[in-house]
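Read the structure below first, then the notes.
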Amino acid sequence: MRIPGRVTLVPRDEVDSTNDCVMALAGDGAPDWTVVQAGRQRSGRGSHGRAWQSPAGNLYLSVLLRTRKTGKPQLSLVAALAVADAVNDLVPAVPVTLKWPNDVLLAGGKVSGILLETSGGVVVIGTGINIAHAPARTSYAATWIDHWRSEPASIEEVRNRFLAALARRVDTWTGHGFEPLRLAWVDRAHRLGDPVEVTENGSDRVSGGFGGLDREGCMLLTLSDGRARSIRSGTVRYLGEESA
């Protein structure tokens, strides 16, 4: 599979952060769909400022989108769907699920995380996908694509499949709205209906049953009194799992 024609690829051997590189290029007038891919990141980061381990062998890239549509939380879910599409193509016999708000799971282990950052009309989608290995000694289960394949997948193949899927999913989002993507995300949702605890604003905690997504892409919680509550951002802990 080839890289989509709309993409301007900027390869780098090593950077501090691909998101930071793309944001700097955006400030210099880089076009829509500029993509920075790095072999390593010295200061990769995930959600809530957590460090993202970035040794060679996995995929680390960030995509520049110039859009007038609001990016959060919908676009991070769109990107997660694209990662799931790519991973499913590469390991079709293994279940791929989505953990709100920004994780992709392969056989229940985290295989990818997404960091969305915005500035004005610029949206940067940062993605790390575990291909050759996964980080050790994490508070959550992690896995990698090659663990589930008889032959290793190349970084270029994973990249091209992800970017092609992202282009398709973004076209759906811009052309038809979020609803078809919301339904597709819920269809892949990790542990839909199970009890979760969400920490908002660093300390406020609320518990309920995971009820899917509302029409804005927020997490729906069913509270103990039966009311529904929308969660726009937060750290989620599923019963029996550590937060990721």
> surrounded by fewer than 14 Cβ atoms within 10 Å (Cβ to Cβ), in the same structural domain as V111 (by TED's automatic domain parsing) and in contact (Cβ under 8 Å) with a residue 12 or more places away in the chain: does that describe S139?
Replying inline: yes
> Can you name the number of the only condition in (1) surrounded by 18 or more Cβ atoms within 10 Å (Cβ to Cβ); (2) touching a helix residue (DSSP H, G or I) at 6+ places or on another chain (Cβ under 6 Å) that I155 fails?
Replying inline: (2)
> So which residues in the stretch 43-75 are outside any loop (DSSP other than H, G, I, E, B), modelled with pLDDT of 65 or more and among the basic types (K, R)?
Replying inline: R66
> Only one of R205, R188, R227 is closer than 24 Å to I125 by Cβ and among the basic types (K, R); which?
Replying inline: R188
>> Tally up the residues in the stretch 76-98 that are at pLDDT 95 or above and assigned to a helix (DSSP H, G or I), please.
In response: 14
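The values are calculated or read from the model by the stated rules, or taken from the named source; none is laboratory data. All values reported here derive from a predicted model rather than from experimental measurement. Note that each Cβ is placed from the backbone with ideal geometry, even for glycine, and that neighbours are counted across all protein chains shown.
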